[in-house]
Amino acid sequence: MYSRTPEKERAKAAALSVKRLARRLHHLTGMPVTLAQAGVEASQFADIARTAIDDGAMIVNPRPASYEDVLRILEAVKG
């Protein structure tokens, strides 16, 4: 896929491939794809964001993320 895709379209093509793989994994295993499918409710987002900000893994995150950034990400993937 990579070499056949024009350079300017590679990021979008890669993202679409990941989405397809997630759907396939869900189909094969029944695993949730979205937070809603996993039973996570929007009322939990504040606690999740606070926990994420305090997590040691944030040190190795390639881009700094604030509490507000994490809330935006959760909203985007809630499903």
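A short reminder: the numbers here are calculations on the coordinates, not readings from a lab. Note that the coordinates shown come from a computational prediction; the quantities given were computed from them, not determined experimentally. Please note: Cβ atoms are built from the backbone with ideal geometry, for glycine as well, and neighbour counts cover all protein chains shown.
For the chain, the set of trypsin sites (Lys or Arg not before Pro) satisfying both a DSSP loop assignment and a count of at most 11 other C-beta atoms within 10 Å is given as ARG4.
The angle between the Cα long axis of helix 45-54 and the main principal axis of the chain comes to about 90°, on a 0 to 90 degree scale. Mean sequence separation of contacting Cα pairs (under 8 Å, at least six apart), scaled by the length of the chain, corresponds to a relative contact order of 29 percent. Axis of helix 10-29 versus longest Cα principal axis of the chain: the two differ by about 70°, to the nearest ten degrees. Between MET31 and GLU7, the FRET efficiency estimated from the beta carbon spacing at R0 = 35 angstrom works out to 0.60. Each other residue within a Cβ distance under 12 Å of SER66 adds +1 if Lys or Arg and -1 if Asp or Glu, for a net charge of +1. Within the listed set ALA42, ALA14, ALA65, the Gaussian network model of the chain (springs between alpha-carbon atoms below 10 Å) gives the highest mean-square fluctuation for ALA14. The base-10 log of I(q)/I(0) for the chain, evaluated at q = 0.13, 0.24 Å⁻¹, reads -0.59, -1.08 [Debye formula, identical scatterers on Cα atoms, solvent excluded]. Please give the helix 67-77 orientation as an angle from the longest Cα principal axis of the chain, in degrees from 0 to 90, rounded to the nearest 10. For helix 67-77, the angle is close to 50 degrees. Taking square-rooted eigenvalues a ≥ b ≥ c of the alpha carbon gyration tensor, is region 24-70 rounded, prolate or oblate, where a/c under 1.5 means rounded and, failing that, a/b exceeding b/c means prolate? The shape class here is oblate.
For the chain, state which chymotrypsin sites (Phe, Trp or Tyr not before Pro) are in a DSSP loop and have at most 16 other beta carbons lying within 10 Å of their beta carbon. Counting only loop positions with at most 16 other Cβ atoms within 10 Å, the chymotrypsin sites (Phe, Trp or Tyr not before Pro) in the chain are TYR2.
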